[in-house]
Amino acid sequence: MKILVINAGSSSLKYQLIDMETEQVMAKGLCERIGIDGHLKHTPLVGGKSVFNEDISLPTHSEAIAAVIEKLTSAEYGVVASMKEIDAVGHRVVHGGEKFADSVLIDDEVLKAIDECTPFAPLHNPANITGINACKAVMGDVPMVAVFDTAFHQTMPAKAYMYAVPYDYYKNSGVRRYGFHGTSHRYVSKRCAELMGKPIEELKIISCHMGNGSSICAIDHGKCVDTSMGFTPLVGLPMGTRCGDLDPGVMQYIMKKYDLDIDQMLNILNKKSGVQGISGVSSDFRDLEGASANGDKRSELALEMFNYWVAKVVGSYVAAMNGVDAIIYTAGVGENAKTTRKAISEYFGYLGVKIDDEANSKRGEDIMISTPDSKVKVFVIPTNEELVIARDTRDIVSK
């Protein structure tokens, strides 16, 4: 079975074609600037075919999907003989609200429910729907599955997902903690259990997805019981450009003092805050490490704040689960920034954590970076959300 995985944004579309017999990625690519001037980079990974990397006309997502299919099946760049070899499509969908606790086969009712979740993710869900409809227009009756970023977190108890605001806001308008990065947390926690040689149902795991967007998830016996992102992806840790947790009174004070409306304020909190706002240098942790090494105190402070917040949230989840067996670092920063991992792990002496510096220096592989005598095991596990989407899609369409 061959599964096409689609991640549609408002003006972009990422994809992978995966052979589920071997779970090998056959091709991957990115359509950019859809609706503007258009660019496609298509990379075949089997058969020794050439890479396509050129500007092409992509007025809508339908043309983008058609271009992807054409490249996947072409003599020069293709990895399959025809579209008939693509058995199903798995779509990343950002928000499923309380409607979806699992991945689901897409039909008209599912599309309607995804659209009803648009107020919770106004920038993402419409783009996801556009990608689904574009695939339907080009691929006809090929079965399609929606895999939701929020679904994994639907096992949180009410004490974790409720906000202490009037209950009617939850009852009537769905105001609650939803969490994000669920597909990533699900993948790395299961992989961690495999590496430990234990059933995930016997483990308490804390997953740290650290990138430009970052979240931490407490996973108790395979179920999410808490996560640091909330109603939106804005809260929790200070991130690349997002502020993380913030006293709402700060917003009121800044808005009054600088005569800002709510949209301007949210733009600042989403796009001009986080480690970029603190450092004044960059949202990229590599840039911050370089600047810090050259004596830039604000970059040093931004890194220290991030590390402190990760350690603080991890500590709270140890308390919430009454213990922890393993801590995972994943995503762009988690997988690549050894100094960040080391600095965060130094907070965990009270847990009996000891880091193996040689193991911590490695990249690009599943690896335990704690010493054999560390009381809590610490892992670096590269995330693979596309593989989770493909596996769910295979399992659902095979029923």
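Fully extending the segment from residue 56 to residue 118 would add 19.3 nm, taking 0.36 nm per residue of separation and subtracting the current Cα-Cα distance. The shape of the range 106-174 can be summarised by an equivalent ellipsoid whose semi-axes, obtained from the alpha carbon gyration tensor, come to 30, 13, 10 Å from longest to shortest. The GluC sites (Glu not before Pro) of the range 1-73 that meet both conditions, a loop assignment by DSSP and at most 13 other Cβ atoms within 10 Å of the site Cβ, are 21, 23.
The GluC sites (Glu not before Pro) of the range 338-378 that DSSP puts in a loop, and whose beta carbon has at most 13 other beta carbons within 10 Å, are 365. Helices meeting the span-like rule in the chain (full DSSP H runs, Cα extent of at least 24 Å along the helix axis, mean Kyte-Doolittle score of -1.0 or higher): 297-321. Simple rule: put +1 on each Lys or Arg Cβ and -1 on each Asp or Glu Cβ in the range 307-380, find the dipole, and look at 319, 339, 364; the Cα lying farthest toward the positive end is 319.
Residue separation of residue 190 and residue 361 scaled by 0.36 nm, minus their Cα-Cα distance, works out to 59.2 nm of gained length.
Computed over protein heavy atoms with a 1.4 Å probe, the accessible surface of the range 44-181 works out to 47 Å² per residue. Among the listed pairs 338/377; 84/190; 99/159; 272/297; 272/338; 223/362, give every one whose C-alpha distance is greater than 22 Å. Long pairs (Cα-Cα over 22 Å): 84/190; 272/338; 223/362. For residue 342, a cut-off of 13 angstrom between C-alpha atoms picks up these aspartates and glutamates, skipping any fewer than 8 places away in its own chain: 304, 356, 357, 358. Considering only 251, 29, 266, and ranking their Cα positions along the charge dipole of the chain that arises from unit charges at the beta-carbon of Lys, Arg, Asp and Glu, the one farthest toward the positive end is 251. Once you sort the root eigenvalues of the Cα gyration tensor of the range 96-138 as a ≥ b ≥ c, which label holds: rounded (a/c under 1.5), prolate (a/b larger than b/c) or oblate (the other case)? Note, shape of the range 96-138 comes out oblate. Counted residue by residue at 0.36 nm each, then reduced by the alpha carbon distance between them, the extension gain from residue 298 to residue 342 reaches 13.8 nm. Toward the positive end of the charge dipole of the chain, with +1 on the Cβ of Lys and Arg and -1 on the Cβ of Asp and Glu, the farthest Cα among 50, 388, 145 is that of 388. Nonpolar atom fraction for the chain, defined as the carbon and sulfur part of the 1.4 Å probe accessible area, stands at 50 percent.
Distance between the pseudo-spin-label points of residue 168 and residue 101 (7 Å out from Cα toward the beta carbon): 2.9 nm. The Rg/Rh ratio for the range 1-93, using Cα coordinates for both the radius of gyration and the Kirkwood hydrodynamic radius, is 0.95.
The values are calculated or read from the model by the stated rules, or taken from the named source; none is laboratory data. Since we're looking at a predicted model, the values are computed, not measured. With ideal geometry, Cβ positions are generated from the backbone for all residues, glycine too; neighbour counts draw on all protein chains shown. The area values use the complete protein model at the heavy-atom level, side chains included, leaving out ligands, DNA and RNA. Shrake-Rupley method; radii C 1.70, N 1.55, O 1.52, S 1.80 Å.
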